[in-house]
Amino acid sequence: MSTIAKGCPGLEKLALYGIKSVPKGVLLPLHVHPGLRCLLVEAEETLSMEDALTILIIPNLKRLELDVPPDNDIHELLQSKIPVVENRRISKL
């Protein structure tokens with residue numbers, strides 16, 4: 001992820017698919033990415049608070065698309081700082 005964060009400044013959308021959970025610290029390098037506007041995370045387990053806080057410091061993130069088990073506190077936190085936050089599993093409820 002460090003290579004993507006530092007070496008792909010033109011990347012605007014990144015998708016993480018088919019994972020059990022977000023590996024600890026994997027999102028942290030994205031806090032220096034200048035152009036990332038949209039992040040998609042699909043995982044079997046919900047985001048941790050650490051993951052959520054890391055996502056919040058991605059400088060130009062405008063859209064977060066999730067497909068993870070819902071956690072209301074984390075979802076509300078993300079919505080308070082990111083213009084568009086969608087969780088496909090909440091939409092299906």
- Message: Counting just the Cα atoms, what span does region 2-91 cover along each of its three principal axes? Round to the nearest Å and put the largest first.
- Response: 33, 26, 20
- Query: Once amide H atoms are built 1.01 Å from N in the peptide plane, which residues 5 or more positions from Asn87, or in another chain, come under 5 Å H to H?
  - Reply: Leu66
- Task: Could you work out how far apart the two model spin labels at Leu56 and Glu42 are, taking each label as a point 7 Å from the Cα in the direction of the beta carbon, and quote it in nm?
- Result: 2.8 nm
- Message: Counting only helical runs of four or more DSSP H residues, what would the 222 nm mean residue ellipticity of the chain come to if each run contributes -39,500 (n - 2.57) and the total is spread over all its residues?
- Response: -7500 deg cm²/dmol
- Item | Order of Met1, Met49 - criterion: other Cβ atoms within 10 Å of each residue's Cβ, fewest first | Met49, Met1
- Collect residues whose amide H, placed 1.01 Å from N in the peptide plane, falls under 5 Å from the amide H of Leu40; neighbours closer than 5 in sequence don't count. Leu14, Ala15, Leu16, Glu65
- Message: Of Ile57, Ile74, Ala43, which is farthest towards the positive pole of the chain's charge dipole, taken about the Cα centre with +1 and -1 on the beta-carbons of Lys, Arg and Asp, Glu respectively?
- Response: Ile57
- Item | Under the Karplus curve 6.51 cos²θ - 1.76 cosθ + 1.60, θ = phi - 60°, whole-Hz ³J(HN,Hα) for region 52-63, x wherever Gly or Pro sits | 4, 5, 5, 4, 5, 9, 6, x, 10, 5, 10, 9
- Obtain the nm distance between the two label points defined at Glu76 and Val32 by a simple spin-label model: each point lies 7 Å from its Cα along the Cα-to-C-beta direction. 3.5 nm
- Magnitude of the Cβ-charge dipole (Lys and Arg +1, Asp and Glu -1) of the chain about the Cα centre, nearest 20 debye, reported as 340 debye
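Every number in this text was worked out from the coordinates using simple rules, so none of it is lab data. Predicted, not measured: the structure shown is a model, and the values here were computed from it. Because the Cβ atoms are built from the backbone with ideal geometry, glycine has one as well, and the counts that use them run over all protein chains shown.
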